[in-house]
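Right, one structure below, let's go through it.
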Amino acid sequence: MSSTPPGPGAPAHAEVVVVGAGLAGLECARTLRDAGREVVVLEAGDQVGGRVRTDQVDGFLTDRGFQLLNPSYPALRHHVDVPALGLQSLPAGAALRTERGLLRAGHPLAAPRLLPDDARLALVRPRQTLAAARFVAPLVRAAATRRPAAALLSRGQDTTLRAALDRAGLHGDLRRLMDRFLAGVVLDEEGATSAAFVRLLLRSFALGTPGLPSAGMGALPHQLAAPLAGAVHLEHRVERIERTADGARVHHGGGSTGARHVVVATDGWAAEPLTGLAAPAPRGVVTQWWAVPDPPEHTGLLHLDGFARPRGPVVNCAVISAAAPTYAPAGRHLVQASAVWAAGAPAPQEQAMARHAAELLGAPGGPDGAAGWQLLVRHEVPLALPALAPPFAARPRVVERDGVVVAGDHRETASIQGALVSGARAARRVLEHPALAAS
């Protein structure tokens, strides 16, 4: 996806300045503009989208960090024209590579063909069925309430994911499937993430099948930005926010802009020096994309490492072009592999990821099967997601620091849903709040 031109410098004055043109900032700005407010969006980068971006490499679409769009998210249905994105659904299942071969597991309703006899015998033994039922029991109970998300994220019920899976008694193939699949979703291989938050994610997977827009994940923020023509100013990095008698002055690379209201809608790490709000612990990811001459399989399924001891760093890989044909030129094939990048650790090595992905996908020659793959791009994203440790409360109140409203997925859930909800809430807070005033 091509970069959006930076455009002219930001104006000297605006009613509201939104810092950051990620999903939260764009949704906040759209909501304010729809309410008739004069809005200026200042973005440090050369594109909208924040951490949701798509690069074009030799005719292939490569998202920065493997991401999927789940159409079951309520905020997507409310704020986004999902059909216009041309969503291409991935198969509702996964393939687990084990010592005994490849085991496939799928949603029993959305993908019943992914449950052949060998997978059913390996993954759905009676004791493990009961263990899985114990793990999802809070989800079932929450579904019976008027506010299932709030019930799931209750502080009184929360623990770490690892503790919750241990308590349920999950082990064997099913446990490895859950561990590896969820590690790729929340970018946490230690199981330290809030179990309540993970159950909320599993609920969204049960309600909808994630996919990829026909023009890449970057199409989502570009759609959000379309009604904001002229209001978004790229390559305007905000350096500091100064309180004034009638509001605030936002100092940026292009000068400064005065405003009655300011919303900082960056990620948590960029927000910290502007607001003093402590940044969350980061979750990082490394994603590699290859053009391959002849894919080892054509299903588009996510492939996971189900060996008793993982054979390499990859948490998931797939032949993306099999599920999302628009990601590759006609007649060509695209493979992605992602690895968790723990804070403070060295990034997973390029060749180790290639060999592991080739083994998981069953490439001819095993790990050596990646020798003919052409590396298109390697994305190293150390600040991919904010960590969500327990206890994690649902719907935290909108945060203000010294009169500045703070928004972003670090204030809600670490997801596209969380970013959109946070942006909309921040906008409502501005609409309800009097102008900033010096104390």
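The values are calculated or read from the model by the stated rules, or taken from the named source; none is laboratory data. Quick caveat, the model's predicted, so the values are computed rather than measured. Please note: Cβ atoms are built from the backbone with ideal geometry, for glycine as well, and neighbour counts cover all protein chains shown.
Some points to look at:
- Verdict on Gly211 being out of contact with any Cys (no Cβ under 6 Å at 6 or more places or on another chain) and surrounded by fewer than 22 Cβ atoms within 10 Å (Cβ to Cβ): yes
- Enumeration of residues in segment 377-399 that are surrounded by 15 or more Cβ atoms within 10 Å (Cβ to Cβ) and over 23 Å from Val185 (Cα atoms): Val398, Val399
- Taken together, the criteria exclude Asp46 from residues that are on the phi > 0 side of the Ramachandran plot and in contact (Cβ under 8 Å) with a residue 40 or more places away in the chain.
- Selected residue (only one of Phe135, Phe181, Phe197, Phe205 is assigned by TED's automatic domain parsing to the domain that holds Val319, touching a strand residue (DSSP E or B) at 6+ places or on another chain (Cβ under 7 Å) and hydrophobic (A, V, I, L, M, F, W, C)): Phe181
- Restricted to segment 5-19, and to residues there that are at pLDDT 80 or above and more than 19 Å from Arg30 (Cα to Cα), the residue that is surrounded by the most Cβ atoms within 10 Å (Cβ to Cβ) is Gly9.
- Scan of segment 347-400 for residues that are out of contact with any strand residue (DSSP E or B) (no Cβ under 8 Å at 6 or more places or on another chain) and part of a helix (DSSP H, G or I), ordered by number: Gln351, Ala352, Arg355, Ala358, Gly366, Pro367, Asp368, Gly369, Ala371
- Residue within segment 170-181 that is surrounded by 17 or more Cβ atoms within 10 Å (Cβ to Cβ) and farther than 30 Å from Ala137 by Cβ present: no
- Only one of the numbered conditions (1) under 19 Å from the mean Cα position of the chain (by Cα); (2) closer than 13 Å to Glu27 by Cα; (3) crowded, with 24+ Cβ neighbours inside 10 Å is violated by Arg411, and that is (2).
- Pro310 vs. criteria more than 21 Å from Thr54 (Cα to Cα) and assigned to a helix (DSSP H, G or I): no
- Test set (1) modelled with pLDDT of 95 or more; (2) surrounded by fewer than 24 Cβ atoms within 10 Å (Cβ to Cβ) - Ser2 fails condition number: (1)
- Residue that is farthest from Ala21 (Cα to Cα) [pool: residues in segment 236-255 that are in contact (Cβ under 8 Å) with a residue 40 or more places away in the chain and buried (at least 18 other Cβ atoms within 10 Å of the Cβ)]: Gly247
Condition check ((1) under 16 Å from the mean Cα position of the chain (by Cα); (2) under 23 Å from His410 (Cβ atoms)) across all residues:
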site: Leu165; (1), (2): no, no
site: Ala168; (1), (2): no, no
site: His171; (1), (2): no, no
site: Arg175; (1), (2): no, no
site: Arg180; (1), (2): no, no
site: Glu190; (1), (2): no, yes
site: Thr193; (1), (2): yes, yes
site: Ala219; (1), (2): yes, no
site: Ala225; (1), (2): no, yes
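- Of all residues in segment 77-108 being within 24 Å of Val18 (Cβ to Cβ) and at pLDDT 95 or above, the one that is surrounded by the most Cβ atoms within 10 Å (Cβ to Cβ): Leu85
This table checks each residue for (1) in a loop (DSSP other than H, G, I, E, B); (2) more than 20 Å from Leu68 (Cα to Cα); (3) modelled with pLDDT under 95; (4) among the small types (Gly, Ala, Ser).
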| position | (1), (2), (3), (4) |
| --- | --- |
| Val263 | no, yes, no, no |
| Pro273 | no, yes, no, no |
| Leu277 | yes, yes, yes, no |
| Trp290 | no, no, no, no |
| His298 | yes, no, yes, no |
| His303 | no, no, no, no |
| Val315 | no, no, no, no |
| Ser321 | no, no, no, yes |
| Gly331 | yes, yes, yes, yes |
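- Here Ala281 passes the criteria (1) at pLDDT 95 or above; (2) within 30 Å of Gln349 (Cα to Cα); (3) touching a strand residue (DSSP E or B) at 6+ places or on another chain (Cβ under 6 Å) except the one numbered (3).
- If the condition is being among the small types (Gly, Ala, Ser), closer than 28 Å to Ala29 by Cβ, touching a residue at least 60 places away in the same chain (Cβ under 8 Å) and in a helix (DSSP H, G or I), then segment 175-226 contributes Ser204, Ala219, Ala225.
- Subset of segment 32-51 (residues that are touching a helix residue (DSSP H, G or I) at 6+ places or on another chain (Cβ under 6 Å) and either outside the structural domain of Val238 (by TED's automatic domain parsing) or not hydrophobic (A, V, I, L, M, F, W, C) (or both)): Gly49
- Candidates Glu400, Glu380, filtered to the one that is of a type in the set (D, E, K, R) and in contact (Cβ under 8 Å) with a residue 60 or more places away in the chain: Glu380
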